[in-house]
Amino acid sequence: MSKYTEDDLREELKTKKYEYGFYTDIESETFPIGLNEDVIRAISKKKEEPEWMTDWRLDAFKVWKEMEEPEWANVNYVKPDFQSIAYYSAPASIDPNKTLDDVDPDLLAMYKKLGISVDEQKKMNNIAMDIVVDSVSVATTFKKTLGEKGIIFMSISEAIKEHPELVKKYIGSVVPQKDNFYAALNSAVFSDGSFCYIPKGVRCPMELSTYFRINQAGTGQFERTLVIADEDSYVSYLEGCTAPSRDENQLHAAVVELIALDNAEIKYSTVQNWYPGNAEGKGGVYNFVTKRGLCETNAKISWTQVETGSAVTWKYPSCVLKGDNSVGEFYSIAVTNNYQQADTGTKMIHLGKNTKSTIISKGISAGKSQNSYRGLVQISSRADNARNFSQCDSLLMGNECGAHTFPYIEAKNKTAQIEHEATTSKIGEDQIFYCNQRGIDTEKAIALIVNGFSKEVLNKLPMEFAVEAQKLLEISLEGSVG
Amino acid sequence: MLKIKNLHASVEDKSILKGINLEVKAGEVHAIMGPNGSGKSTLASVISGKEDYEVEKGEIILHGEDIQELSAEERAHKGVFLSFQYPVEIPGVSVTNFIKTAINETRKGQGLEDMPAKDMLKKIREKAELLEIDRKFLSRPLNEGFSGGEKKRNEIFQMAMLEPQLAILDETDSGLDIDALRIVANGVNKLKSKDNAVIVITHYQRLLDHIVPDYVHVLYNGKIVKSGTKELAFELEEKGYDWIKEEVNA
């Protein structure tokens, strides 16, 4: 690999400046609030999309108009007024006069605990950033290595222009426009997101995260992700950021589609830490996400999620095990504190023979929060010898929170083997005192107990992510036991 | 080292300790015996700072300082250790991880840096050997699925690791078979020095055959009603507690 020189750096710096200038130009154009066909056409035009994409969005909009917002989840919130949202706004701009001193000190304190660098802090708060040699060079080498392997990794807007054949073939193939209310809305108005294609036989040599941790913060409220792993390929994809994201957009409706072709494997890890609202339950993001993966023969998809943020979470990363011998996995930690509400889980749809799925869900409830696991295991009539193992554990802190488990099982094949285990426990005063007596204060004791409880899932995260996630769990539960 | 003066304590408005006086000097072993419900475990909890108990009157002085306002962890940082009668389970947290956290949090409380990993490992090996604990045991989740004997041995292992000034062993002998009792007692004896002290709470004489006390106190109805040397323990073993009760009630 050739060395990264001062000249390269200077070149990068130039580009950066240009980028910022470019964004400032767009910024003056923000669409008025409301949603109709003209707005969708305008979004599509703004993004210079081909006609098929515009039509696809319009189809989604037509379906969405006829749909109703679902009410079956175990959550309560005031429904958003979809006509009072602006569906296109330029990327947040850099305010040259803003410094870190202008940022909420609580937020800064939290960054410090998480070990977020000053530059990342600036980036997340839209403050002009000094270019750090480190992050620039990482980005450059990263792009180069991926390019050599034929891996495509870019924003979905770019992919629509540069790889229309792939996008056209796969977008909506796992989560169709009409799938559900929020997926339809996302299909009509999605702002941006990521696209990733791993060619046949290629093992992606790095976690697709290191670069994006800085660069993807603030992707917007209607994110669209499409990951395609061609035959015999492997990719590990990390999404999200442990840093608390304070987004003014209250509604987030993302769609993620994964396609694992024959013998391919996708590992998709998420840390979700959107603003949960304050301790009184005011504000906070509504996070309504549709995530689904399709497994062809011998393929494997593994979802791992750590959910600590958002006021309301509605999210069920699922696997359609279409091919024989395919494997689906779901590992989840969902933490709710104060007035947060989470209704999350998974769907494992067994269509192929000898398909296997594993579900490990760990729900932690504190404060006055409500935490629900909702899961479906479905075995179709032709799915001989399908197997599922589900384990749903809930940990309660205090007397005012709730933990709920809604497991649905539909088996249409007699050879299916389905196991379900569930436990509910409470952090006991005895456990806390035991730790205290050993010199461990209460905050640390809770962190220790929670980390022990979540260990099976934390172990599934890539190393550097796991350490951050652990810290995040501690911070999310701070002050939850008085 | 420890001076308890006229200590009265209650839990949920029920008065349990009704005027305890006790002085423990460095290098001494004190045994506290007494019938069920006499307040032995309460005394252990109150010394170590469990919040459920309310101290109504009296003083607990450690190294010349009244520790009543200190939290349980602060007392631990000052060298108070309680071997629990019923050690609690912490699923998913290994014995090693737990003790590592306890040591480093204690060091932090004492204004010290974390113990270097190398030293920690060496110490764990050394103390595990002392208590005849095998390597596999150390990676098991704390007290989860442990037998009664394993739990108690693990308590003494933690004591060995933390090297407290004042160790209170609350019925450490219950649930132990003869071999485990010998190992645990042997461990405690090896940890004893002229600088630390041990309070042994027990129902039975048999532990005191192995950990020989300098003083024996009988706790009855929230008060120390009789103190003596190890011979008192033999007498109790032989005659039970009724004669004490009669003496007190007379």
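The values are calculated or read from the model by the stated rules, or taken from the named source; none is laboratory data. Owing to the predicted nature of the structure, the values given are computational and were not obtained by experimental measurement. Don't worry about glycine lacking a Cβ; one is built from the backbone with ideal geometry, like all the others, and counts go over all protein chains shown.
Looking only at residues of segment B:166-179 that are small (Gly, Ala, Ser) and within 16 Å of residue B:204 (Cα to Cα), we find that the one that is nearest to the chain's Cα centre (by Cα) is B:174. For segment B:63-75, the set of residues classified as more than 7 Å from every other protein chain (Cβ to nearest Cβ) and not in a loop (DSSP other than H, G, I, E, B) consists of B:65, B:66, B:74, B:75, listed by residue number.
All told, residue B:51 meets the bar of being within 14 Å of another protein chain (Cβ to nearest Cβ), outside any helix (DSSP H, G or I) and exposed (fewer than 15 other Cβ atoms within 10 Å of the Cβ). Considering A:209, A:191, A:245, which residue is hydroxyl-bearing (Ser, Thr, Tyr) and either more than 30 Å from residue A:471 (Cα to Cα) or at pLDDT 95 or above (or both)? Answer to the selection: A:191.
Identify, from the list B:188, B:225, the residue that is free of Cβ contacts under 8 Å to residues at least 60 places away in the same chain and assigned to a strand (DSSP E or B).
B:225
Entry remark, segment B:76-85: residues being of a type outside the set (A, V, I, L, M), touching a strand residue (DSSP E or B) at 6+ places or on another chain (Cβ under 8 Å) and within 8 Å of chain A (Cβ to nearest Cβ) number 2 in total. Restricting A:270, A:304 to residues that are among the polar types (S, T, N, Q), closer than 21 Å to residue A:187 by Cβ and touching a Phe, Trp or Tyr at 6+ places or on another chain (Cβ under 8 Å) narrows the list to A:270. Of A:399, A:388, all but one fail to be out of contact with any helix residue (DSSP H, G or I) (no Cβ under 6 Å at 6 or more places or on another chain), surrounded by 15 or more Cβ atoms within 10 Å (Cβ to Cβ), among the polar types (S, T, N, Q) and away from chain B (no Cβ under 14 Å); the exception is A:388. For segment A:443-463, a residue qualifies if it is in contact (Cβ under 8 Å) with a residue 24 or more places away in the chain, more than 8 Å from chain B (Cβ to nearest Cβ) and not hydrophobic (A, V, I, L, M, F, W, C), and the qualifying residues are A:443, A:460, A:462. Residues of segment A:423-442 that are more than 7 Å from chain B (Cβ to nearest Cβ), hydroxyl-bearing (Ser, Thr, Tyr) and under 21 Å from residue B:109 (Cα atoms): A:442 alone. Residue A:43 satisfies every condition listed in (1) β-branched (Val, Ile, Thr); (2) modelled with pLDDT of 90 or more; (3) in contact with a Phe, Trp or Tyr (Cβ under 8 Å, 6 or more places away or on another chain) except (2). The one condition from (1) within 9 Å of chain B (Cβ to nearest Cβ); (2) surrounded by 14 or more Cβ atoms within 10 Å (Cβ to Cβ) that residue A:413 does not meet is (1). Which residues, taken from segment B:104-156, are among the charged types (D, E, K, R), under 22 Å from residue A:441 (Cβ atoms) and surrounded by 12 or more Cβ atoms within 10 Å (Cβ to Cβ)? Scanning segment B:104-156 gives B:105, B:107, B:108, B:114, B:155. Residues of segment B:158-182 that are away from chain A (no Cβ under 14 Å) and either part of a loop (DSSP other than H, G, I, E, B) or in contact (Cβ under 8 Å) with a residue 40 or more places away in the chain (or both): B:171, B:172, B:173, B:174, B:175, B:176, B:177.
Among the numbered conditions (1) more than 14 Å from chain A (Cβ to nearest Cβ); (2) part of a helix (DSSP H, G or I), the only one that residue B:60 does not meet is (2).
Note on segment B:92-148: enclosed helices (runs of 4 or more DSSP H) holding 1 or more residues that are out of contact with any helix residue (DSSP H, G or I) (no Cβ under 6 Å at 6 or more places or on another chain), within 12 Å of chain A (Cβ to nearest Cβ) and modelled with pLDDT of 90 or more are B:95-109. Residues in segment A:426-451 that are among the charged types (D, E, K, R) and assigned to a loop (DSSP other than H, G, I, E, B) were compared, and the one that is farthest from residue B:97 (Cα to Cα) is A:441.
Where the second residue is assigned to a strand (DSSP E or B) and the first is at positive phi and lies in segment B:22-37, which pairs have Cβ atoms under 8 Å and are six or more apart or on separate chains? What qualifies is B:27/B:197; B:34/B:218; B:34/B:219; B:34/B:220.
Looking at (1) surrounded by fewer than 23 Cβ atoms within 10 Å (Cβ to Cβ); (2) in contact (Cβ under 8 Å) with a residue 12 or more places away in the chain, which is the only condition residue A:364 fails? The failed condition is (1).
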